[in-house]
Amino acid sequence: MAEPRRYVVGLALEGRPVLVVGAGTPAIGHVAALRDAGARVTVVATEAVAAIADLADRGIVAWRHRGYSPADLAGARLVVAASGDAALDARVADDAEDQGLLCVTADAPSADGLVDAPGRAGEVVLVGGGPGDPGLLTVAGLEALRAADVVVCDRLAPLAALTGLRPGAEVVDVAKIPRGEFTAQERINDILVEHARAGRRVVRLKGGDNFVFGRGGEELQACAAAGVATRVIPGISSALAGPALGGIPVTHRGLNQGFTVVSGHVPPDDERCTIDYAHLARAGTDLVLLMAVANLPAIAEALVAGGMPADTPAAMVADASLPSQHVVRATLTTLAEAAAVAGLRAPAITVVGAVAAFDPLV
Ligand code: SAH
């Protein structure tokens with residue numbers, strides 16, 4: 001008998017409890033899409049891929065570190081069976097049915113793995129995913145994702161877009177968590193090259209733009225060295241999207257004639273730091289800082305020492321484009337404390353300069 005047709009519903013899940021069984025790659029897109037929809041997500045799984053562990057660590061989803069039991073269904077409005085194990089997913093669906101709950105079953109990885117096309121030339125497409133909301137992925141980026149055999153993604157990529165992949169497409173999570181789990185770039189380069197050499201269409205999906213602190217250049221070099229064809233689909237960098245979504249125009253006539261984007265992941269007094277903060281303090285452009293949450297006090301000190309007034313407007317935009325987006329405005333020397341009090345954490349964009357106090361009503 002033919003499979004019955006499925007009915008696709010646009011469920012409003014804001015504030016509703018949803019249980020996701022599984023925290024491996026089949027669950028990533030679902031967990032992210034549910035988060036984007038404002039659902040209260042609980043994940044039950046003994047192990048989680050880095051992207052999901054990161055969401056749990058940041059308190060965005062709850063994670064029960066253990067195997068599934070039918071008691072987990074209590075209180076849920078919807079259940080997503082995404083364990084990657086077809087038998088377990090079927091059991092979850094049956095239990096949900098018994099309790100009168102709707103259950104969505106995620107595509108399990110196909111049993112025979114990837115179907116290789118040795119005759120076909122594989123390629124690697126570097127896709128910039130924008131700041132996190134899948135709506136800010138470009139049309140070309142979305143088309144590349146839908147055509148992909150393999151998607152190699154990071155935690156800041158628009159992970160909800162992974163629900164739109166071809167059935168059987170493989171997701172590889174190479175998320176790098178600051179000061180925690182780490183996948184060497186060389187290993188990522190190898191993964192890209194190996195899959196492309198097997199004739200697969202590989203998408204390297206990153207947050208923002210792959211060439212803005214995204215190591216896209218290194219991946220292009222690795223592919224070129226291996227003779228693998230590449231394409232680049234630019235994305236909206238959080239350096240631009242973060243301020244914009246936080247209500248801050250990075251340029252505004254009369255306030256500035258430019259802006260400088262820098263990474264603050266190395267403190268100013270560190271010998272690896274190549275940025276001349278004293279020069280930036282007097283450069284006359286506003287500053288957009290990435291990866292600068294931890295080092296903000298030291299950076300503010302260096303800018304003040306270089307002559308920037310302590311009361312220069314400054315703002316921080318965390319989780320730009322996501323439901324957890326949070327903006328704090330203060331001054332150069334008060335922002336780090338104000339952001340910490342408000343509970344802001346990475347990923348966040350910091351803007352320093354007159355535009356950080358922009359008020360559309362003034
Ligand atoms: N390639 C990315 C940047 C990677 S570096 C891009 O073009 O956006 C990682 C840093 O990007 C984070 O530490 C943070 O400073 C910034 N970032 C990425 N996504 C963000 C978001 N949604 N909101 C705020 N900052 C973000």
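With the simple model of a label 7 Å out from the Cα in the direction of the Cβ, residue 94 to residue 115 spans 3.0 nm.
Of the two radii for segment 121-236, the radius of gyration is 0.93 times the Kirkwood radius, both from the alpha carbons; that is the Rg over Rh value. Here the chain exposes an accessible surface that is 54 percent carbon and sulfur, computed with a 1.4 Å probe and the other protein chains kept in place. Start at zero, step by 10 Å, and the Cα-Cα distances of the chain spread as 5, 22, 29, 24, 14, 5, 1, 0 percent across the bins. Relative protection proxy for 122-128, 325-331, from highest mean packing down: 122-128, 325-331 (other beta-carbon atoms within 10 angstrom). Under the simplified labelling scheme, the residue 261-residue 58 pair shows an inter-label distance of 1.9 nm, with each label point 7 Å from Cα along Cα→Cβ.
Take the Cβ atoms of residue 325 and residue 71, set R0 to 30 Å, and the FRET efficiency comes out at 0.30.
Considering only the chain, what is the antiparallel percent among its DSSP beta bridges, to the nearest 5? Bridges in the chain are about 30 percent antiparallel.
Rounded to the nearest Hz, the phi-derived 3J(HN,Hα) couplings of segment 226-235 under the Karplus curve 6.51 cos²θ - 1.76 cosθ + 1.60 (θ = phi - 60°) are 8, x, 8, 5, 9, 9, 10, 10, x, x, where x marks glycine and proline.
Could you tell me what fraction of 2.2 N^0.38 Å the Cα radius of gyration of segment 17-105 comes to, as a two-decimal ratio? Walk me through the numbers on the way to the answer.
Values: Rg = 11.5 Å, N = 89, 2.2 N^0.38 = 12.1 Å.
Against the empirical 2.2 N^0.38 Å value, I get 0.95 for segment 17-105.
Electrostatic bookkeeping for residue 151 treats Lys and Arg as +1 and Asp and Glu as -1; over the other residues with beta carbon under 15 Å from its beta carbon, the sum is -1. Near residue 20, the amide H atoms lying under 5 Å from its own belong to 42, 43, 44, 80; only residues 5 or more places off or on other chains count, and H is placed 1.01 Å from N. Local charge for residue 100 was computed over the other residues whose Cβ lies under 14 Å away, with Lys and Arg +1 and Asp and Glu -1, and equals -3. Potential lengthening of the chain between residue 138 and residue 362 amounts to 77.3 nm, from the contour at 0.36 nm per residue minus the alpha-carbon distance. Across segment 10-23, computed HN-Hα scalar couplings (Karplus, 6.51 cos²θ - 1.76 cosθ + 1.60, θ = phi - 60°) run x, 6, 8, 10, 3, x, 8, x, 10, 9, 10, 9, x, 9 Hz from first to last residue, x flagging Gly and Pro.
Using θ = phi - 60° in the Karplus curve 6.51 cos²θ - 1.76 cosθ + 1.60, the 3J(HN,Hα) couplings for segment 251-258 round to 10, 8, 3, x, 9, 7, 10, x Hz; x is entered for Gly and Pro.
Charges only on Cβ, +1 for Lys and Arg, -1 for Asp and Glu: so what's the dipole of the chain about the Cα centre, in debye to the nearest 20?
540 debye
Here the peptides 161-170, 56-65, 36-45 are ranked by packing, the mean other Cβ count within 10 Å, and the order with the highest first is 36-45, 161-170, 56-65. If the label point is 7 Å along Cα→Cβ of residue 186, which residues in segment 202-223 have backbone nitrogen under 17 Å from it? Those under the cut-off are 218-223. Only Lys, Arg, Asp and Glu carry charge here, each on its Cβ (+1 for the first two, -1 for the last two); on that basis segment 11-76 has a dipole of about 140 debye about its Cα centre. Measuring from a point 7 Å past the Cα of residue 305 along Cα-to-C-beta, which residues in segment 252-282 have an amide N at less than 17 Å? Answer for segment 252-282: 264-282. Once the 1.4 Å probe is applied to the protein heavy atoms, the chain comes out at 48 Å² accessible per residue. Ellipticity at 222 nm from helices only: DSSP H runs of n ≥ 4 in the chain, each -39500 (n - 2.57), divided by the residue count, give -7500 deg cm²/dmol.
Dividing the convex hull volume of the alpha carbon atoms of segment 208-362 by its residue count gives 134 Å³ per residue.
The values are calculated or read from the model by the stated rules, or taken from the named source; none is laboratory data. These figures come from a predicted structure and were not determined experimentally. We place every Cβ from the backbone using ideal geometry, glycine too, and count neighbours over all the protein chains shown. Areas reflect the complete protein model, heavy atoms only, side chains present, ligands, DNA and RNA absent. Shrake-Rupley method; radii C 1.70, N 1.55, O 1.52, S 1.80 Å.
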